[in-house]
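The values are calculated or read from the model by the stated rules, or taken from the named source; none is laboratory data. Bear in mind that the values here come from a model prediction, so they are computed numbers and not experimental data. Virtual Cβ from ideal backbone geometry, glycine too; neighbours counted across all protein chains shown. For accessibility, only protein heavy atoms count, side chains too; no ligands or nucleic acids. Shrake-Rupley method; radii C 1.70, N 1.55, O 1.52, S 1.80 Å.
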Amino acid sequence: MRSSRAAVAVIVMDMLNPYDHDDAEALTARVEHIVAPLTGLIEDAGRRDDVDLIFVNDIQGDFSATRDDLVRRALAGKRPDLVEPFVPPEGGDFVPKVRHSVFYGTPLEYALHTRGIDTVVLAGQVTEQCVLYSALDAYVREFSVRVAVDGVAAIHEDLGEAALRMMERNMRATLLPAAECL
């Protein structure tokens, strides 16, 4: 991870997905709607020196998987069109994870604290799973949490809405359109 003076980190989670799981059809229908806002947020973050852009992705049970392995598998999956816009740049910050939270078993908390980051912007998938659990873990670690509401995708719309309400109410997350997160 690079060193910076950023106070904000945009965390893009689990967008390297081959979409070959049971809930893929429901999820991809919602991911299609977040492509434009999320790519805009990523582009905005990439242009700013005061924002760190960090991609975090589930290794899908393959403990030897590298960033390149995950990219290759996702692009060879059922919806490469939903993967291509979110391939982490070479040399960019990429953190593999094994469970739902971006913090569980990863060096992310340490990296954010050493960079002086106090605010995380969460985006990606799945709203009622990884986004929710990452928001909770960020909150208990005393980070301010923003969620790009048009940059997250749920499998189940009702659970996604409930998760957003929980993040706002219980974790004091600020819910904003992606274009207003920075």
(message) Just checking, does segment 90-109 include any residue being among the charged types (D, E, K, R), touching a residue at least 12 places away in the same chain (Cβ under 8 Å), open to solvent by less than 60 Å² (accessible area, probe 1.4 Å) and within 17 Å of VAL35 (Cβ to Cβ)?
(response) no
(message) Cβ-Cβ under 9 Å, sequence separation 6+ or interchain: first residue in segment 14-25 and under 12 Å from ALA76 (Cβ atoms) and buried (at least 17 other Cβ atoms within 10 Å of the Cβ), partner modelled with pLDDT of 95 or more and aromatic (Phe, Trp, Tyr). Which pairs?
(response) LEU16/PHE55; LEU16/PHE86
(request) Working carefully through the options ILE54, ILE34, find the one that is open to solvent by less than 70 Å² (accessible area, probe 1.4 Å) and not in a helix (DSSP H, G or I). (result) ILE54
(request) Pick out the one residue from THR119, THR39 that is polar (S, T, N, Q) and touching a residue at least 60 places away in the same chain (Cβ under 8 Å). (result) THR119
(request) Can you give me the number of residues within segment 3-15 that are out of contact with any Phe, Trp or Tyr (no Cβ under 7 Å at 6 or more places or on another chain) and more than 18 Å from ILE117 (Cα to Cα)? (result) 1
